[in-house]
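In what follows, a single structure is set out as structure tokens and then discussed.
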């Protein structure tokens with residue numbers, strides 16, 4: 001087997017930084033240790049495995065380091081060697097113990113692999129509890145008000161909002177049980193079609209508004225119950241890797257409030273409350289809230305995810321970074337061509353060139369990566385369902401990220417590249433259906449028909 005310096009350095013750095021003694025090492029000494037673990041590829045680029053447990057690249061012509069998925073070709077990786085001494089490393093790129101111990105979860109969308117029955121049934125239990133009549137139960141308020149019927153309680157919206165906020169990429173199978181159980185509460189059809197529901201990102205401020213509204217009317221008990229519903233929902237979602245990182249982050253932000261109910265009384269509106277919650281997010285969960293704290297870095301990280309999801313393309317000799325930049329160009333060209341130039345500052349020089357060429361030259365070979373007639377280009381069909389779901393999720397997350405950066409409304413029927421990936425999943429059977437629930441414990445047939453019929457109507 002060919003030796004892989006990138007894999008070896010990553011293992012070494014992870015072990016070194018996870019050592020309890022690393023946190024006590026002075027930054028200058030940490031920089032020296034990391035300098036001994038740099039790699040140089042034959043194109044002259046230097047590579048470092050650093051903050052957020054991800055790779056960074058500099059080409060030597062500028063001082064900046066750029067977040068960059070490492071090369072995928074085995075020959076390029078195997079040829080990497082230590083650089084000459086003296087390559088400067090920014091202290092901000094030093095990895096911390098939390099970076100290497102917190103998992104990144106899954107980039108899969110909710111198309112193909114279903115959410116497990118255990119999770120969906122526990123969510124159903126929370127939803128049933130949220131619907132129980134209470135005289136002091138507040139109704140939906142804030143940004144979520146228009147999504148639900150007027151008599152829906154805020155507890156129902158808290159369960160929904162938590163699911164959507166915790167989802168890495170909220171693209172859901174049209175038959176997903178986790179969605180259909182909400183059908184009777186939602187005022188209007190969800191965006192998408194019979195195959196996929198392409199849902200917009202859920203801002204943390206929308207969850208904060210649910211808590212803020214009753215609190216502003218002096219109903220502290222009702223407000224805290226909503227926070228408890230959010231935390232309970234996040235705990236239920238933890239086993240599914242597509243929710244795990246953000247669910248952990250939300251729990252870490254909300255648990256102090258449940259323990260000390262007065263903690264956020266100084267926050268007078270939802271925006272201030274969101275900021276207070278984010279300030280409590282531990283460093284180990286910081287990557288999960290980048291969409292809230294740094295939209296620019298969030299875009300870069302989702303693009304990194306997209307490159308990783310395209311790793312299978314390297315088997316046919318394609319460079320996943322080049323393919324990712326070309327697919328980004330395809331989406332921008334179709335959805336918001338006027339926003340194309342606004343993404344240049346957030347791309348490293350190598351990706352920027354590829355992205356520019358794919359956009360600027362209609363006849364350029366890079367456009368061979370673009371989907372055609374709703375299907376992926378030849379060579380870009382993922383080899384299995386798991387890979388297709390990961391590519392679909394990373395592509396959709398990247399699309400939502402650049403839309404957020406540029407103020408673009410996400411398309412109701414998905415982005416061209418991720419929508420094309422759906423064609424790789426349509427012909428595959430979903431996860432096997434579990435045995436039917438006993439009649440006395442299952443939902444009524446009337447409720448099921450109402451939800452299912454509504455959720456698929458467009």
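The rows are residues; the columns are (1) at negative phi; (2) free of Cβ contacts under 8 Å to residues at least 24 places away in the same chain; (3) surrounded by fewer than 16 Cβ atoms within 10 Å (Cβ to Cβ).
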residue	(1), (2), (3)
285	yes, no, no
290	yes, yes, no
296	yes, no, yes
320	yes, no, no
346	yes, no, no
373	no, yes, yes
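Does residue 289 meet the test of being assigned to a helix (DSSP H, G or I) and more than 18 Å from the chain's Cα centre (by Cα)?
Criteria not met by residue 289.
Give the number of residues within region 261-279 that are modelled with pLDDT of 95 or more and either in a loop (DSSP other than H, G, I, E, B) or touching a strand residue (DSSP E or B) at 6+ places or on another chain (Cβ under 9 Å) (or both).
Final tally of qualifying residues: 0.
Any residue in region 438-453 that is modelled with pLDDT of 95 or more, over 22 Å from residue 339 (Cα atoms) and touching a helix residue (DSSP H, G or I) at 6+ places or on another chain (Cβ under 7 Å)?
Scanning region 438-453, I find no residue that is modelled with pLDDT of 95 or more, over 22 Å from residue 339 (Cα atoms) and touching a helix residue (DSSP H, G or I) at 6+ places or on another chain (Cβ under 7 Å), so the answer is no.
Considering each of 69, 23 in turn, give the residue that is in a helix (DSSP H, G or I), under 21 Å from residue 98 (Cα atoms) and either at pLDDT below 95 or assigned by TED's automatic domain parsing to the domain that holds residue 92 (or both).
Criteria check complete, one pass: 23.
Just checking, which of 257, 226 is in contact (Cβ under 8 Å) with a residue 12 or more places away in the chain, part of a helix (DSSP H, G or I), in contact with a helix residue (DSSP H, G or I) (Cβ under 7 Å, 6 or more places away or on another chain) and surrounded by 24 or more Cβ atoms within 10 Å (Cβ to Cβ)?
Of 257, 226, the one residue that is in contact (Cβ under 8 Å) with a residue 12 or more places away in the chain, part of a helix (DSSP H, G or I), in contact with a helix residue (DSSP H, G or I) (Cβ under 7 Å, 6 or more places away or on another chain) and surrounded by 24 or more Cβ atoms within 10 Å (Cβ to Cβ) is 226.
Any idea which of (1) surrounded by fewer than 23 Cβ atoms within 10 Å (Cβ to Cβ); (2) without any contact (Cβ under 8 Å) to a residue 60 or more places away in the chain; (3) in a helix (DSSP H, G or I) is the one residue 325 doesn't satisfy?
(1)
Filter region 154-163 down to the residues that are closer than 14 Å to residue 186 by Cα and out of contact with any helix residue (DSSP H, G or I) (no Cβ under 6 Å at 6 or more places or on another chain) and list them by number.
If the condition is that a residue be closer than 14 Å to residue 186 by Cα and out of contact with any helix residue (DSSP H, G or I) (no Cβ under 6 Å at 6 or more places or on another chain), then 160 is the only one that fits.
For residue 112, state whether it is outside the structural domain of residue 231 (by TED's automatic domain parsing), touching a helix residue (DSSP H, G or I) at 6+ places or on another chain (Cβ under 8 Å) and assigned to a helix (DSSP H, G or I).
Considered against the rule, which asks whether it is outside the structural domain of residue 231 (by TED's automatic domain parsing), touching a helix residue (DSSP H, G or I) at 6+ places or on another chain (Cβ under 8 Å) and assigned to a helix (DSSP H, G or I), residue 112 comes out as no.
Considering only region 328-358, state which residues are more than 20 Å from residue 400 (Cβ to Cβ) and part of a helix (DSSP H, G or I).
349, 350, 352, 353, 354, 356, 357, 358
Identify, by number, the condition in (1) assigned by TED's automatic domain parsing to the domain that holds residue 244; (2) over 20 Å from residue 106 (Cα atoms) that residue 325 doesn't meet.
Condition (1) is where residue 325 drops out.
So which residues in region 85-105 are surrounded by fewer than 21 Cβ atoms within 10 Å (Cβ to Cβ) and assigned to a loop (DSSP other than H, G, I, E, B), if there are any at all?
Passing the criteria: 85, 86, 87, 88, 89, 90, 94, 96, 103, 104, 105.
Given (1) on the phi < 0 side of the Ramachandran plot; (2) in a helix (DSSP H, G or I); (3) touching a helix residue (DSSP H, G or I) at 6+ places or on another chain (Cβ under 8 Å), identify the lone condition not met by residue 28.
All conditions are met except number (3).
If you take the residues of region 1-18 that are in a loop (DSSP other than H, G, I, E, B) and touching a helix residue (DSSP H, G or I) at 6+ places or on another chain (Cβ under 8 Å), which of them is modelled with the lowest pLDDT?
2
The values are calculated or read from the model by the stated rules, or taken from the named source; none is laboratory data. The structure displayed is predicted, hence computed values, not measured ones. We place every Cβ from the backbone using ideal geometry, glycine too, and count neighbours over all the protein chains shown.
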